[in-house]
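A quick write-up on the structure given underneath.
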Amino acid sequence: SMDAKQRMTFTPLPHFARGVWSGGPNLPDPKLGWVILNNMGGHAGNDQQHATIRRWIAPTDGVYTINGFIHHPSMEGDGVRGRIVSSRAGVVASWDVQNRRQDANVVSVELKKGDTLDFVADCRTNPNNDSFQWETTIRRGSDGVTWESKRDFRGTREVIAAALTPWEQYAQVLLLANEFAFVD
């Protein structure tokens, strides 16, 4: 949800299964409703307090470019609102998308290491037929390194693995190796 100063309140979704983050194993979730997120997009939550948020954390200081699109494919419903919210600058872009595909680009946004970009999809007035596709690529201007929402989407195990340094990952692989665990 967002307050009057356009700050995000981000709460991680508690359930991850079959490539989808959600409120729980059944939809709609009794507490969190229809909010789901996958590598292609998801479904907006039941109200403005339960928007679907994909959060990206800047790994370094820099100027970043965002390219992508939002698609609301259903001919039913009032569509979704997509916003990109910077922890540093607030809302940097907003689009209302109903029964169509919309480019969702930001020419440049300046970020410091640890700043967040939240890709927020909400239901506008109601959650009926609010499945959406939102693919985005973030590019760092200094070296052209990219992060792609579809490719880099993570679940619980992957989040832990991604937090490990290469040496820590190597140590983890060694500890899991049969040869390390057993002596012949």
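Bear in mind these aren't lab numbers, they're just calculated from the coordinates by the rules spelled out. Just so you know, these numbers come straight off a predicted model, no measurement behind them. FYI the Cβ positions are ideal-geometry reconstructions off the backbone, even for glycines, and counts take in every protein chain you see.
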Contour excess over end-to-end distance, with Cα ends at L27 and D96 and 0.36 nm allotted per residue: 22.4 nm
Could you run the Karplus curve 6.51 cos²θ - 1.76 cosθ + 1.60 with θ = phi - 60° over segment 91-97 and give me ³J(HN,Hα) per residue in whole Hz, x for Gly and Pro? 5, 9, 6, 8, 9, 9, 10
Burial-style ranking of 35-47, 111-123, average other-beta-carbon count within 10 Å with highest first, yields 35-47, 111-123
Tell me which residues come under 5 Å, amide H to amide H, from R88 once H is placed; ignore anything under 5 positions away on its chain. T116
When the Karplus curve 6.51 cos²θ - 1.76 cosθ + 1.60 is applied with θ = phi - 60°, which whole-Hz ³J(HN,Hα) does each residue of segment 131-144 get, with x for Gly and Pro? 5, 9, 10, 9, 9, 9, 10, 9, 10, 7, x, 5, 9, x
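Calculate the FRET efficiency for M75 and D143 from the Cβ-Cβ distance with a Förster distance of 35 Å, rounded to the nearest 0.05.
Result of the calculation: an efficiency of 0.25.
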Note, segment 9-25: 3J(HN,Hα) by Karplus (6.51, -1.76, 1.60, θ = phi - 60°), whole Hz, Gly/Pro = x, goes 9, 9, 10, x, 5, x, 10, 10, 8, 6, x, 10, 8, 7, x, x, x
Using 0.36 nm per residue, how much length does the chain from I57 to D103 gain when fully extended, once their Cα-Cα distance is taken away? 14.3 nm
If R0 is 25 Å, what FRET efficiency do you get for T11 and W167 from their C-beta distance, rounded to 0.05? 0.20
Computed over the Cα atoms of segment 50-154, what is the convex hull's projected area averaged over all directions, in nm²? 6.4
Potential lengthening between E110 and R18 on full extension [0.36 nm per residue; Cα-Cα distance subtracted]: 29.7 nm
Per Stokes-Einstein, at 25 °C and 0.890 mPa s, what whole-number D in µm² s⁻¹ belongs to segment 99-146, with the Kirkwood radius over Cα pairs as the hydrodynamic radius? 179
Quick query: amide H of V145 versus all other amide H atoms, modeled in the peptide plane; which residues come in under 5 Å with a sequence gap of 5 or more or a different chain? R140
